[in-house]
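The values are calculated or read from the model by the stated rules, or taken from the named source; none is laboratory data. From a predicted model like this one, the values you see are computed outputs, not experimental measurements. Neighbour counts are summed over all protein chains in view; Cβ atoms, including those assigned to glycine, are modelled from backbone coordinates with ideal geometry.
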Amino acid sequence: MGVEDLSLPVRLVSTQLIEAGVDIDFPVVFRALAGLDSVSQTAGRCNREGKIVEGGRLIVFRAPTDPPPGVLRLGKSITESLMNASAADGAACCADGSLDLSSPELYNTYFRLFYSGVQLDGAGVQNARTQLDFPEIAQRFRMIDSETYPVVVPYKTAYDKLKIVRAKFKPSHDDFRALQPFIVQIYSPEFDKLYQVGAIDSLHEKAFYYLTPPYQRLYDERFGLVISEENLFPDCSVLVQ
């Protein structure tokens with residue numbers, strides 16, 4: 001076993017999941033501008049253990065694209081408004097004019113503005129609960145509000161299992177379950193793009209979708225399913241026998 005070189009730099013690129021209490025500690029953290037709660041959670045991964053006497057460094061930057069519509073975009077908008085406000089407007093600021101992430105007053109202001117702009121029960125789940133209408137609750141409740149579509153990607157033995165399911169008139173639950181490890185969930189805008197160019201086809205009354213042969217190249221084992229205007233074209237060579 002070789003000796004680990006602890007002098008090498010470590011860089012971590014993460015999704016928003018890093019905010020869910022992951023216990024890591026970095027001296028410098030970069031975060032795209034977002035809701036104040038998200039920025040604060042990310043800051044908790046900067047000098048988390050307090051080993052850097054002079055303190056860690058959190059750098060918040062503006063991403064080239066906005067977060068998805070809804071609460072994520074609303075949170076970013078409110079954070080921007082607080083950054084543009086002065087201390088006299090009720091925003092808790094440091095001496096240099098930046099937001100003081102340790103100030104309870106700042107979060108009181110943020111969440112007051114946030115919840116005033118959010119429909120907390122747009123689906124009417126709470127009304128169904130008061131009536132003890134549990135079937136209606138199950139129908140209305142969605143943990144993730146955005147509609148997604150299951151698409152089988154060409155990962156390892158995925159398409160071998162796909163052939164088995166396609167060949168059967170009535171596949172069993174076990175047949176469909178065998179495809180679960182090879183499925184990615186795609187949001188409606190990306191799904192529509194793929195559908196319009198013929199990149200996906202359906203299987204057994206749209207229980208699943210899968211990438212058609214000319215577009216299997218969109219899936220990369222390292223980066224996953226990559227959908228962009230630049231690469232949304234067919235690989236016609238797979239059709240040549």
Item to check | Test: residue in the range 161-174 that is within 28 Å of residue 125 (Cβ to Cβ), modelled with pLDDT of 90 or more and of a type outside the set (D, E, K, R) | outcome: no
Next on the checklist: So, in the range 57-110, how many residues would count as being of a type in the set (Asp, Glu) and either at pLDDT 85 or above or in contact with a Cys (Cβ under 7 Å, 6 or more places away or on another chain) (or both)?
Outcome noted: 4
Checklist entry - Does residue 220 qualify as being among the acidic types (Asp, Glu) and within 13 Å of residue 162 (Cβ to Cβ)? => result no
Checklist entry - Out of the residues in the range 120-143 that are assigned to a loop (DSSP other than H, G, I, E, B) and of a type in the set (Gly, Ala, Ser), which is surrounded by the fewest Cβ atoms within 10 Å (Cβ to Cβ)? => result 122
Next on the checklist: Within the range 212-241, take every residue that is part of a loop (DSSP other than H, G, I, E, B) and hydroxyl-bearing (Ser, Thr, Tyr) and give me the one that is surrounded by the fewest Cβ atoms within 10 Å (Cβ to Cβ).
Outcome noted: 228
Item to check | Residues within the range 198-219 that are out of contact with any Asp or Glu (no Cβ under 7 Å at 6 or more places or on another chain) and under 22 Å from residue 240 (Cα atoms), tallied | outcome: 10
Checklist entry - Of the residues that make up the range 178-201, is at least one modelled with pLDDT under 90 and surrounded by 15 or more Cβ atoms within 10 Å (Cβ to Cβ)? => result no
Next on the checklist: Looking at the structure I just gave you, is residue 111 on the phi < 0 side of the Ramachandran plot, outside the structural domain of residue 75 (by TED's automatic domain parsing) and either without any contact (Cβ under 8 Å) to a residue 12 or more places away in the chain or not aliphatic (A, V, I, L, M) (or both)?
Outcome noted: no
